[in-house]
Every structure is written in structure tokens, then in C-alpha cells.
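Chemist: Okay, handing you the structure first.
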Amino acid sequence: MKSAVSRVVVAVSVVAALGATAACGGSGDDGKKSAKPGAGSAKGGGGAAIRLEKAALVAGDVKGYKVEKPEAGDASSGSAGAEPSKAPKAPKAPEAAGKTDPAVCAPLAALLGPDAGPGAANSPKAKAHVGRILTGADGKDLTTTDVRLSAYAEADAERVMAGLRAASKSKKCATFRVGGHRYFGVRPLPAPDKPQTPDKKGDEAVSYKLAHPKGEYVARQTVTVVRDGGTLAVFDASNLYDPAGVQDDKEAERNGMEGIGTPKADEDPKVAAAIVDAQLRKL
């Protein structure tokens, strides 16, 4: 079991690194840990940045979840239940930078991280953005959810959604590359045309999943993007498939012990409805 524990600590650290890389340069606050000055504030100018910062999730908005602002440059902060300072050094999360191939997949690449994958040459640019990272407060759920808000002109936001919808459905994007990084298993998922909560509606939504190699693991992502006027809310849930960890869990169960709960091959991450609902209410 010692080796199994070591593996899950590393895995959690890698998921945390994914979150820090993809959090649109934003940061969150769980009331206990503060980011470096400016590390998690909304990026961008004027009223759009202020509006997004006010709309971003904070501690207490989603029951059962910890909301964090990752420190700038600290890819290991905010792991689910593990102490980053004591965790083994995890492989650095790949940065989505470089040419997207095929080019039609550029809308997907553009959402892989802050100013990361380049979109098409004429792709809209956000006026401002902010991010938060949510993990289960009990440390048992190995899914990390990045919530990212971006402000656009409404027509530009509509163009971004149209590009995402087309790319996620394109057979050319089932596998694509961004620089030296390979993404595969891209597949559209059902999403409501008009997502809504009891007191808040979104205008449209797109959902899809993808995966990419992460050292000895496979990082899996399930993404839902909701447009509300000119604001895009990106919900990016991720976990790691660790074949050796799954076998460790099975061995533990055979020995009458409790496994760590490593996500299995068919256990893709899920975007929690509670997180989506809480964020849409604040837009």
C-alpha cells in the first residue's frame, strides 16, 4: 500500500499542475491560503476585469468544494488532500504553445490554457479573464475542476462558441497536436442548447472530452463551455488514468483493504452540475 499511496500523491500533484496551468492565469481563495499579490486577480482592463472578479467563485459558493487561487508560477499548489511541499516532484504540465495541427482544431487549442494554444489568425481575443480551481473538500475525489471566465464582445463570444462546436465535432480533430504535445480522444458530448439554473440562463453551451499523455499517466479532461451574453464560462474537469494505481487498488481489495480510489479506465472526469449552477448564478 505504501507504493500505492506514493503513486496517488504524485497523481494528485500532476492534476494540480494541470489546474494551475489551465486556470487562465487566475486564482482562487479558500479563506486559508492567499496567492501572491496579483497572481489570481482578473487579467484584462477596466470594467470587464472587475466584473469577472466579482463573478468568480469563492469559498462557500459550492458546498463540498474547496475554491483556490493558484499562485502564479506554482503548478503544485492546491492538490486534493496532499501537501504539495511533501509530495514528490511531479512532471511539469505541458504548456499548450506552438502551431496547432490540423489548423481547424485551433479553437480547442485556444482553451487549453492562458494565452496558450494559438487560435486561428482571426480568432477573437478576450477583454479580460479570471480562473478558479475547485477540488473536493474531503480529498477523496481525485477530479480537479478549473472554472475560467472570459469577457468578449457578444459577437466575438458567439464566434468562439461556433468554432468550438465545429472543432469538437470534426473528425480531423479526433487527434491533434499543439507544438510537441499530442491530444487525442476528442469527442463531442451532449450539452443543452439553453443551459439554465432556477434563476439564471445561459445562451448556449458546448461540451467535449479529450486526453493527452502526462508522463506515465493519461490526463483526461471533460470540458463544458457556457456562453452568457459576451461572457464565456469554461468548466474543465480533469483526472488521471494510472493503470498501475488501478492494479494497486485491486490488490488492496483482494487483501481485504480499502483501495485509494484511483479512477479506472472508464471513469472519465465529470463536470459537476453544482459547480456549473453556482457559477451561472453569479454571472
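Chemist: Give, in nm to one decimal, the length gained when the segment between K172 and R281 is fully stretched (0.36 nm per residue of separation minus the Cα-Cα distance).
Modeler: Extra length available between K172 and R281 comes to 35.7 nm.
Chemist: Ok, one more. So how much slack lies between E267 and A162, counting 0.36 nm per residue of separation and subtracting their Cα-Cα distance, in nm?
Modeler: Separation in residues times 0.36 nm, less the Cα-Cα distance, equals 35.0 nm.
Chemist: Figure the gain on full extension for E216 and I50 (residue separation times 0.36 nm, minus the Cα-Cα span) and round it to one decimal in nm.
Modeler: 55.7 nm
Chemist: Can you flag which of K171/K270; K43/K214; K43/K127 are past 20 Å Cα-Cα?
Modeler: K171/K270; K43/K214
Every number in this text was worked out from the coordinates using simple rules, so none of it is lab data. All values reported here derive from a predicted model rather than from experimental measurement.
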